[in-house]
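Student: Sharing a structure below in structure tokens format, with a few things to ask.
Each reported figure results from applying straightforward, stated rules to the coordinates on display, with no laboratory input. Note that the structure is predicted; figures quoted are calculated from it, not measured. Cβ sites come from the backbone with ideal geometry, for glycine too, and all protein chains shown count toward neighbours.
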């Protein structure tokens, strides 16, 4: 899980994937409560074990022996261990739910009765948060808790969302745009906002989150249902195998006791995976929550594992938020130091990331110390939409930087001329996907162009490697950007994406999703704006940013509380890991049966057919110790695998073939070999119990 | 030439001949099953029965047509046997007893060809030719129909149509089975098999005994008996009888015939799903299983451990000296692996473990390489199950041949895999629990259990071979095995058609590097392992009490 490690160190969260041994103890009462047959019935495999345990208990009462009672005790422990696995998984969710509930204390809301008009202050009334209705508008000022989910309709505020995200740094929320949604239970730290309520009480985000982590609303996912069917049918086969064995045994002159037959049955049916299946599911959802992702349905989780196409927004996901200066290109006859100096001077007052990057580049690459040559008489000319230039007026010269056309005009007005080399450089930078900024100076009323600053998108480090991994897993990555096709292509190539959608409108995005789905592909995307909502709803996996609008959060089937678009890649990995864990433990469980047969069958019939001793390849001590050892192994392996079920099996992105080879070797072959060793070791101990050997 | 060289040479010739026919026959079958054109004789048949050859059926209609047609087949065959005494060429045989007639009718319609009677002393020529031989063609074709419908389910997208049962049936019989069996029959006649309408030669033997030697249309029935993986012999001794299988050469030809269509169908499968590697993978699994069992049984027989056999010097009891241990083992594994049930030696006389291996071969579910069509759909169902578990292990909703395996498909696959073992185990369990059926056993101890287990294994898997040593012509066994054959044939078929329907409704999804590759050695190994483990886990206990207890 090395790829997933970075966001697990959130405060106020249960550490992901680790099993605290104390959890076993605290979950014990829950697991005893789950012995209720009405609860057990939901898990057919373990229900069969429980029925078997009841029958053998009756037999042990009527025909007591050390062997019979030992088997009975371990049969009950098998059931108990299965319940324990589920209880531990649920317990971790409950701890999180408790944290969330604390945020959900009842608050008083200030509901707007009549809005403010022309200097008349708004009239508000105090109501309980639980009495708020859809569409109500409430006032929240600094220090107050937001009473319910909604959108800010007026104002801007910094909000502490640590209650739900675990992130202590406050976030900015403002009306209009894509950062207008607020969550009930979070606290306004500054300013005053009007919030329009968009969720009914009891259906708020926090309510859904609590239900989710507690597992109360957990529904079996499609693959889990399919796996359950397979496990149930395997159970039926083994019930038939065991039940029909008795007539054959009687015919062979060696009728078997109920205890032995139940022991055989319990060892054969897939108890390992049957016991851990629901724990794996709960833990998988939990792992998503640890990564601050809320999946609204199990279906979405599995769809994420199956995704064929990832639509990734360029800004923030693939590139750092802003363009940065990469290189200065002077026109012939101008020395580079002069260009760098001029570029830096013109940008000293430019607080945009682009401006700052120019200052940094001049300093780091061209040795121009920042702020060295600016006196108090410098007048900075800010950027305006009309001039499309910014710059600085010094006593002896004026410097301007900006779009090629605007600066060119400025130069011509000042009696200078922009040479053909300049326009060639500008075109080259545009063609390569960068943004050219022309720098010019005017000395004594005569202007000349000095050169060009090449601004370009900076691809986040490590992205190319991640996309290569995605490709290995058969996932196509598509970049969505508003840039022109040339720029888009350059970035897509640099970042190693498979495809791009340039000058994308929401309609284009929607059309792309539909086209991919036509071909049978599953599409995942992230979005935050209201205009993303239709596409989020159409995509098979739509991850809405928590900072986004309510409409977007409503439309998606997952919400990322960290509002980190890169998270999509991790989501896919976590969901795949969930499926792999299920498959691996199923394989392990079935493979285990081989060894158990070699332990139990010779033990049952070696009395009548001494030649069957040859099947006792483990050389187990006695029939009783062989059977008991198999039953104990069967029970202990459940406890032993609980940590793996909760943590998930190790997952490294690779091709399906490579992954299958690895997992088959570990869980298939390992599943065949492990019980031979385990049962033999147990037999060495068990055979020393008086009354067994 | 010693036995080993001869045995290896025979196996080599057999494999080479199959390899030679693999491509032409497989591709021919593809053309037959996908062609838009009807032959004139076919058009005439469709007109007579009122079928529109261009109409496609839903899986339910396809299954209903198949069941109705087979039902009529059972009734007709039952009626023929019950009225035999009034038919011409009855050779003086009377009407067949109701329980036996039911058993036999079911047996031939289900491609099982379990025979609780002796052909030469029970069935006249009319019943043999217009009853049994007709069903030999039909039941073989029906199996192929079901396999093709399943393949169409994989290939088609977003439709509820799986093809037309009547068209598939007619084409397979007219264009494939009839021409091939004519060729095979001629070859068999040339090799010495009999073909006449003789009412029987009455002879006095050297010892002064009277004996009737029955002739009949043997070669023609023999051809389709092997080609259609039927196995119902004209004579009680089946392919051990010199009139049916006169020479070692005809022996090889018969083994070749019974493997021919099941093997070639994997090519058809690969071509129809437009990925020949898929066909090769399935064939590789079948071949691995078949070859391993041939090696195992041959080894057990040639080593013939056990005091009596060691004293005799060879495990030749129940085997023809014409064929010897090697050819007998080759035939036995091929016949139990193709659900044919023809025998050239008596499986009951095999060594304990050798007989156990034959039992296990059927227990695999008849997939090595299985009956005509049934072998292919059997292995495909196992492949779906293997892909399901393995697919989860690569972190995706499992998919096979570009179709997803969801709860609905797994439900059908699970029921399919449940069906056969349930029939075998409950049937054998009931038989062993009551003294009546137990009295049919001619042996006691583990061998007796093997006999009864073999009977139900053979019936439920529609194999039809017998372990012998069991007096199966009793009301209990006739009815119980009849039911086992019916359930073992049609429950899986309906499930497979439903599976085809479920897959056809899905859209085909694109293949990516993240898709589990279902060709190549890894998958072949996986599918082979799953097939062995599924059968092994189910039958290990009862095999331990039968063959293992006897042979270890």
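Student: Only helical DSSP H runs with n ≥ 4 go in: add -39500 (n - 2.57) per run for chain B, normalise by residue count and round the 222 nm mean residue ellipticity to 500 deg cm²/dmol.
Tutor: After summing the helix terms and dividing by residue count, I get -20500 deg cm²/dmol.
Student: Between the helical axis of A:336-347 and the dominant principal axis of chain A, each derived from Cα atoms, what acute angle in degrees is found, rounded to the nearest 10?
Tutor: Compared with the principal axis, the helix lies near 80 degrees.
Student: Follow-up. For the stretch B:383-470, just list the percent of Cα-Cα distances falling in each 10 Å bin from zero outward, please.
Tutor: That works out to 16, 33, 19, 19, 12, 1, in percent per bin.
Student: Also: If I model the stretch B:300-399 as equal point scatterers sitting on the Cα atoms and use the Debye formula, what is log10 I(q)/I(0) at q = 0.11, 0.12 Å⁻¹?
Tutor: -0.45, -0.51
Student: Shielding by partners for A:219-228, please: the mean number of other protein chain Cβ atoms within 10 Å of each residue's Cβ.
Tutor: That average works out to 5.
Student: With equal scatterers on the alpha carbons only and no solvent term, can you work out the Debye log10 of I(q)/I(0) for the stretch B:232-314 at 0.11, 0.12 1/Å?
Tutor: So the normalised log intensities are -0.51, -0.60.
Student: Then there's this: How long are the three semi-axes of the equivalent ellipsoid for the stretch A:535-693, computed from the Cα gyration tensor as the root of 5 times each eigenvalue, in whole Å, largest first?
Tutor: Gyration-tensor ellipsoid for the stretch A:535-693: 49, 15, 12 Å.
Student: Further question on the same structure: Using Cα-only point scatterers and the Debye equation, what is log10 of I(q)/I(0) for the stretch B:461-552 at each q in 0.19, 0.21 Å⁻¹, rounded to two decimals?
Tutor: -1.20, -1.26
Student: Given 37 °C and 0.692 mPa s, how large is the Stokes-Einstein diffusion coefficient of the stretch A:198-348 in µm²/s, with Rh as the Kirkwood radius over Cα pairs?
Tutor: Numbers: Rh = 22.3 Å.
The estimated diffusion coefficient comes to 147 µm²/s.
Student: Given a cut-off of under 8 Å on Cα pairs at least six residues apart, what relative contact order in percent is computed for the stretch B:372-551?
Tutor: 30
Student: Right, another one. At a Förster distance of 56 Å, what's the computed FRET efficiency of residue A:203 paired with residue A:239, Cβ-Cβ distance as r, to 0.05?
Tutor: 0.80
Student: Rounded to the nearest 5, what is the percent of antiparallel bridges among the DSSP beta bridges in chain A? Don't jump to the answer; show the numbers that get you there.
Tutor: Working: 61 of 80 bridges.
For chain A, the DSSP antiparallel bridge percentage is about 75.
Student: Could you state, as a whole-number percent, how many of the C-alpha pairs of the stretch A:389-520 are farther apart than 18 Å?
Tutor: Taking all Cα-Cα pairs of the stretch A:389-520, the fraction more than 18 Å apart is 64 percent.
Student: From Cα pairs below 8 angstrom and at least 6 apart in sequence, can you work out the relative contact order of chain A, rounded to a whole percent?
Tutor: 15
Student: In µm²/s, what is D for chain A at 10 °C and 1.306 mPa s, where D = kT/(6 pi eta Rh) by Stokes-Einstein and Rh is the Kirkwood radius from Cα pairs? Present the calculation step by step, with values, prior to reporting the outcome.
Tutor: Values: Rh = 29.9 Å.
The estimated diffusion coefficient comes to 53 µm²/s.
Student: Calculate the radius of gyration of the Cα atoms of the stretch B:1-99 to one decimal place, then report Dmax, the largest Cα-Cα distance, as a whole number, both in Å.
Tutor: That works out to 22.4, 60 Å for Rg and Dmax.
Student: Follow-up question, since we're still on this one. Among A:278, B:157, rank each residue by its count of other Cβ atoms within 10 Å, from fewest to most, as a rough exposure measure.
Tutor: The most exposed by this proxy come first: B:157, A:278.
Student: Across chain B, what fraction of all alpha-carbon pairs, as a whole percent, falls in each successive 10 Å bin from zero upward?
Tutor: For chain B, the pair-distance distribution reads 4, 19, 30, 28, 14, 4, 1, 0.
Student: Using a Förster radius of 25 Å, what is the FRET efficiency between residue B:72 and residue B:52 based on their Cβ-Cβ separation? Nearest 0.05, please.
Tutor: The computed FRET efficiency comes out at 0.80.
Student: Could you bin all the Cα-Cα distances of the stretch B:372-551 into 10 Å bins starting at 0 and give me the percent of pairs in each, rounded to whole numbers?
Tutor: Spelled out bin by bin, the stretch B:372-551 gives 9, 32, 29, 18, 10, 2 percent.
Student: What is the distance, in nm, between label points placed 7 Å from the Cα along the Cα-to-Cβ direction at residue A:377 and at residue B:203?
Tutor: Each label point lies 7 Å from its Cα, and together they span 13.6 nm.
Student: If you don't mind, another one. When B:275, A:532, A:393 are ordered from fewest to most other Cβ atoms inside 10 Å of their Cβ, what list results?
Tutor: A:393, B:275, A:532
Student: Using the Kirkwood radius over C-alpha pairs as Rh, can you work out the diffusion coefficient of the stretch A:107-247 via Stokes-Einstein at 10 °C, viscosity 1.306 mPa s, in µm² per second? Walk me through the numbers before you get to the answer.
Tutor: Working: Rh = 18.0 Å.
Approximately 88 µm²/s, per Stokes-Einstein.
Student: On to the next question. Can you compute the equivalent ellipsoid semi-axes for the stretch A:295-441, i.e. the square root of 5 times each eigenvalue of the Cα gyration tensor, sorted largest first and rounded to whole Å?
Tutor: 38, 18, 15
Student: Separate question: Can you list the equivalent-ellipsoid semi-axes of the stretch B:170-318, largest first and in whole Å, using the square root of 5 times each Cα gyration tensor eigenvalue?
Tutor: Each semi-axis is the square root of five times an eigenvalue, giving 34, 27, 9 Å.
Student: From the C-alpha coordinates alone, can you work out the Kirkwood hydrodynamic radius of the protein assembly as shown, in Å?
Tutor: Roughly 35.2 Å, rounded to one decimal.
Student: Right, next: Rounded to the nearest Å, what's the spacing between the alpha carbon centres of the stretch A:207-276 and the stretch B:53-121? Just the number, please.
Tutor: Comparing the Cα centres of the stretch A:207-276 and the stretch B:53-121, I get a distance of 40 Å.
Student: Note the full-extension length gain between residue A:42 and residue A:484 as 0.36 nm times their separation in residues minus their Cα-Cα distance, in nm to one decimal.
Tutor: Stretched fully, the residue A:42-residue A:484 segment lengthens by 153.6 nm.
Student: Hey, another quick one. Sort A:680, A:576 by Cβ crowding within 10 Å, fewest neighbours at the top.
Tutor: The fewest-first ordering by Cβ neighbours comes to A:680, A:576.
Student: Further question on the same structure: So, R0 is 51 Å and r is the distance between the beta-carbons of residue A:386 and residue A:133; what FRET efficiency does that work out to, to 0.05? Provide the component values of the computation, followed by the final result.
Tutor: Working: r = 47 Å, r/R0 = 0.92.
E between residue A:386 and residue A:133, to the nearest 0.05, is 0.60.
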